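One structure is given here, and the rest of the page talks about it.
The values are calculated or read from the model by the stated rules, or taken from the named source; none is laboratory data. The shown structure was predicted, so the numbers you read here are calculated from the model rather than taken from an experiment. With ideal geometry, Cβ positions are generated from the backbone for all residues, glycine too; neighbour counts draw on all protein chains shown. The accessibility values were calculated without ligands, DNA or RNA, using every heavy atom of the protein model including side chains. Shrake-Rupley method; radii C 1.70, N 1.55, O 1.52, S 1.80 Å.
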Amino acid sequence: MVKSFSPVELDQLLHTASQRKRPHYESQNASSRMRWYFVFFVVSGFCSLVYEVVWLRLAMASFGVTTAMVSIVVSMFMAGLGLGSWGTGVLVRRVAAAPRMLRFYALAEFLVGISALFVPYELKLGRALLEVMSTSAAWQSSRYYFLSSLWVAVTMIPWCTCMGSTFPLLMAVMRQMPDAESDRSFSYLYVANVFGALLGTAASAFFLIELMGFRGTLHVAAGLNFTLAISAFSISLAALPSSPTTSAPPGLVIGKPLYGLPRGSVLWILFTTGLVSMGLEVVWIRQFTPYMGNVVYTFAGILMAYLLATFWGSQDYRSWARSHSLEESAPSWTLLALFSLIPLATSDPLLPLRIGPVELGGVRMSGIVLFCALAGFLTPMLVDSWSCGDPDRAGTAYAVNVLGSIIGPLVTGFWLLPRLGERWASVALSLPLFAVGALTALRKESVDLPRSRWQLNPKLRYGLVAVVAILIVNMSHDYERKFPEREVRKDYTATVIATGKGFDRELLVNGIGMTRLSTITKYIAHLPLAFMDRPPRNGLVICFGMGTTFRSMLSWGIPTTSVDLVPSVPALFGYFHSNAQQLLSSPLARIVVDDGRRFLDGSKESYDVVVVDPPPPPEATGSSLLYSREFYGVVKEHLRSDGILQIWFPEQLGGDAGTTASIAKALKQSFPYVRAFQSFDNFGIHFVASMQPLHGASASVLAARLPPAAAADFREWEPNLTVEQLFSRVLSQERSVEKMIAEDPSVPELEDDQPINEYYKLRSWFHYYR
């Protein structure tokens, strides 16, 4: 009688047979090579994270600091990873010899290294092409975003495809090694990759970019990729030729069941975890920024916490898998859903997690750890259960997870956050996890697995967790509840809060105070306009804020354009100024929602005065793009021959001598004539720059140049001072630009590639420029 085999038994028999028939060229050194492959993926993960961070920043400099552009870059990066994982999984079916796969891996790493040299120039070329096509791709148009996203796709997807190919390529090599835990090869490499990404985050944020700039950091990553390529190729040459693998055909490799669910459901769950995890990461940035600040180290800290917890969880899965089979009951998806809501509690502004006035931001951010750790456990478990070590199936599974990771940030940033806010967006993202938890809790009794007498019934456990989740949601609050008197706007870029009464009104963007009602913001307009020897004809305000500077420039009776990145900021103009609607109805007033630098790139208009008030603090993420030498070059193209640029620098909010010197040096190298004045109440510096001499006009001369409406506006909040006295307050406190530079003479000028103001930890710790 001939025995019949089930598909699972057939897969196991074929897998055992393949182990016997596999070549043994690496049998004596298998464990050593496994360690090498682990190191390969640590370094590869390190490099991938560095590329993602730097490419994103270079793309922002080329195409605009907008949320849409950030989403485009991240989506194209992830799309390349998914495409490479899926496509290479198909390739390994046909080319299965281990040495050949290792050579393909070496080639992939080599090409990734090449990308570090090409991508910066490709992005610059894309910017130049869009400038040439400005007539058919106007700024802020859908056509512009379509063409820029097309160029980003052409630039990044081929290189990211090489990155994504590395998982199935090394899995194919490991599958032909004896005693290599080939059924769990994905999780082995996943642990290494996450650990490398963690190291890459720390290294790039805390010393590489500060020391070497963006391009120097890319060159370091490229060198590591080339080293990986040479090492992998050397190992492949040392291996004896192998015969093709005799593993089961793809149709006969059947994933192992989990939770009693249909095997095909694993892919849907992988898609869900990718979507929810990346969507929550977008929410967390908004939730924790008010407590940790809007600097690069905040985002690096959140990412490092995410990766560290994910590494911990995936490593725990590796330990768990050695003593458990995948058919056994793994951690509950219901708990994962509950853990996704814990950040709602730790980010609650009414929860007193502070010492005096100092917020314990790290304690609040720890709320993400449990979710990330459990997601780190479950994601590699799902891929292992689906693939059983088969590179083709692993490539498909990883690509599906990446697809969710592409859609998650887009859905969250452009739909959930603007409509629901942080708290309810988190709730919405948790619902798919609760649905998966319900499926596992309500599975048929016939497939239930044994449990100890202390283990709760899955249905009862699900009910208890759901009750706790409802309590967390109902008892938590969004950040705006901190302000009794408030008006709130939410959009795809930020949550904007206008709060306070009278002269104590304040504007907050993602919980960070941007500005208050202050005469300083009037100086930003009146000082450069009064310095002109002739009546000004028009002006541009970059960064709207409360609209005070925009309002003051309009008081001169000239056409005034104001540009702001966040749509909700100009929408709150009326909260701060009672005549806002009257001003907006003027034919002289124009408000544009766009990145200021990209607006100038796409504009052909010239201005008499351009004033810039970058978002505080001086270390704010992305603010260097409004302080850099390259930005000043763009401004010069839009200033008339005697036009004036005014840059406001609030040094008291955190800037150090190195930052001040770097900004001053960039201005001096861009404009032949630069003057600096300590502002009203000794707060901040007004830099005034021009291509023509800025004559030493007296306070009386400047005061005489103001039209009556402008003079009334200038004195609005200082009625006891004359216009001449107001100007005298600032002119009497002129500061030497040369002395500012001499405070830290070795610091380089601030450039797009060297954002001195944003990356400052080493300088603050070691004062190495001095």
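With (1) aliphatic (A, V, I, L, M); (2) open to solvent by less than 70 Å² (accessible area, probe 1.4 Å); (3) more than 45 Å from the chain's Cα centre (by Cα) as the list, and A704 as the residue in question, which single condition is left unmet?
Condition not satisfied by A704: (2).
Kindly indicate whether any position in segment 535-548 is within 29 Å of F414 (Cα to Cα), surrounded by fewer than 24 Cβ atoms within 10 Å (Cβ to Cβ), touching a residue at least 12 places away in the same chain (Cβ under 8 Å) and among the charged types (D, E, K, R).
Scanning segment 535-548, I find no residue that is within 29 Å of F414 (Cα to Cα), surrounded by fewer than 24 Cβ atoms within 10 Å (Cβ to Cβ), touching a residue at least 12 places away in the same chain (Cβ under 8 Å) and among the charged types (D, E, K, R), so the answer is no.
Yes/no per residue for (1) at pLDDT 90 or above; (2) open to solvent by 60 Å² or more (accessible area, probe 1.4 Å); (3) β-branched (V, I, T):
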residue	(1), (2), (3)
V92	no, no, yes
M101	no, no, no
A106	yes, no, no
L130	no, no, no
T161	yes, no, yes
L169	no, no, no
M174	no, no, no
E181	no, yes, no
F186	no, no, no
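Condition test on L572, is it open to solvent by less than 10 Å² (accessible area, probe 1.4 Å) and either touching a His at 6+ places or on another chain (Cβ under 7 Å) or of a type in the set (K, R) (or both)?
Details: open to solvent by less than 10 Å² (accessible area, probe 1.4 Å): yes; either touching a His at 6+ places or on another chain (Cβ under 7 Å) or of a type in the set (K, R) (or both): no.
So L572 fails the test.
On the given criteria, is A330 at pLDDT below 85, open to solvent by less than 50 Å² (accessible area, probe 1.4 Å) and at negative phi?
Yes: the conditions hold for A330.
With the requirement that a residue be β-branched (V, I, T) and buried (at least 16 other Cβ atoms within 10 Å of the Cβ), what does segment 334-365 give you?
Passing the criteria: T334, I342, T346.
Determine, yes or no, whether S764 is over 18 Å from P618 (Cα atoms), open to solvent by less than 60 Å² (accessible area, probe 1.4 Å) and not charged (D, E, K, R).
On the way: over 18 Å from P618 (Cα atoms): no; open to solvent by less than 60 Å² (accessible area, probe 1.4 Å): yes; not charged (D, E, K, R): yes.
Criteria not met by S764.
Could you tell me which of the residues T659, T722 is closer than 22 Å to T515 by Cβ and out of contact with any Ser or Thr (no Cβ under 6 Å at 6 or more places or on another chain)?
Only one candidate passes the filter, namely T659.
How many of the residues making up segment 400-435 are under 14 Å from Y492 (Cβ atoms) and either of a type in the set (A, V, I, L, M) or open to solvent by less than 10 Å² (accessible area, probe 1.4 Å) (or both)?
So the count comes out to 9.
Within segment 727-752, track down each residue that is in a loop (DSSP other than H, G, I, E, B) and either within 17 Å of I663 (Cβ to Cβ) or open to solvent by less than 70 Å² (accessible area, probe 1.4 Å) (or both).
Selection gives Q733, S736, E743, D744, P745, S746, V747, P748, E749, L750, E751, D752.
Residue by residue through segment 528-568, note down the ones that are aliphatic (A, V, I, L, M), closer than 30 Å to I512 by Cα and assigned to a loop (DSSP other than H, G, I, E, B).
M546, L565, V566
Of all residues being assigned to a strand (DSSP E or B) and touching a residue at least 40 places away in the same chain (Cβ under 8 Å) in segment 642-673, which is surrounded by the fewest Cβ atoms within 10 Å (Cβ to Cβ)? Just the residue, please.
Among them, the one singled out is D642.
Scan segment 575-611 for residues that are open to solvent by 10 Å² or more (accessible area, probe 1.4 Å) and β-branched (V, I, T) and report the count.
2
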